[in-house]
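One structure is given here, and the rest of the page talks about it.
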Amino acid sequence: GAGRGALDRSGGLDPDIEIVVRSHNGEEAAGLEREQAGKVFVGESELARSVANAVDSELRNSVAALKTLSTSLPYDDDDLPGFRVRAMRVIDTRPEWVAIQLIDRSGTILVDTRVADADPRTFIVERASFDRVIRTRASAIGDLTRHQKPAWMFAVRSPVVREDDVQYVLTALVSPAA
């Protein structure tokens, strides 16, 4: 195609110049690579990789923020109002977070920043990632699930380990629209 002519012309100008070529499909990219045309990438694949890297980075940042919150808050003394105040400060800095929940290992929601007092009858919408955190003692990302407002969210969960056991699961409910 038109790119082939530009590629032929550029190689003759300076053989030390590294040539980077964007291809529209894998077959074309393979052909250009066989011809040693330089670095060849498929635009759609690179875009997908770029988006995946950005999402992965944001999720790692969310887990890090939860871990920081878990080590700096006074819920060791059952100071749930103090925890709520600090959690609300974190929410103010994370516009994509809809809420922070503090959940005990049995699944009772002790604090939910969306409401003044958590109702112990409130259930965890997406239980699989919560159970995974309890079982593995590692952070987990939940599935995209339907809630009331906003309609869709996913959970970023981090264990709170005290005395070598998961005592709580700290959860950020995240809007995918953010």
In the neighborhood of F154, defined by Cβ-to-Cβ distances under 13 Å, what is the net charge if each Lys or Arg adds +1 and each Asp or Glu adds -1? -2
Amide H partners (placed H, <5 Å) of H147, local residues excluded: W152, M153
Sorted by chain and number, the residues with a modelled amide H under 5 Å from that of L110, at a separation of 5 or more or across chains, are L102, I103, D104
The set of residues whose placed amide H lies less than 5 Å from the amide H of A99, leaving out same-chain residues fewer than 5 positions away, is L173
Order by protection proxy (mean Cβ within 10 Å, highest first), peptides 90-98, 153-161: 153-161, 90-98
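Every number here is computed from the coordinates shown, using simple stated rules; none is lab data. Quick caveat, the model's predicted, so the values are computed rather than measured. Heads up, the Cβs are rebuilt from the backbone with ideal geometry, glycines too, and the neighbour counts pull from every protein chain shown.
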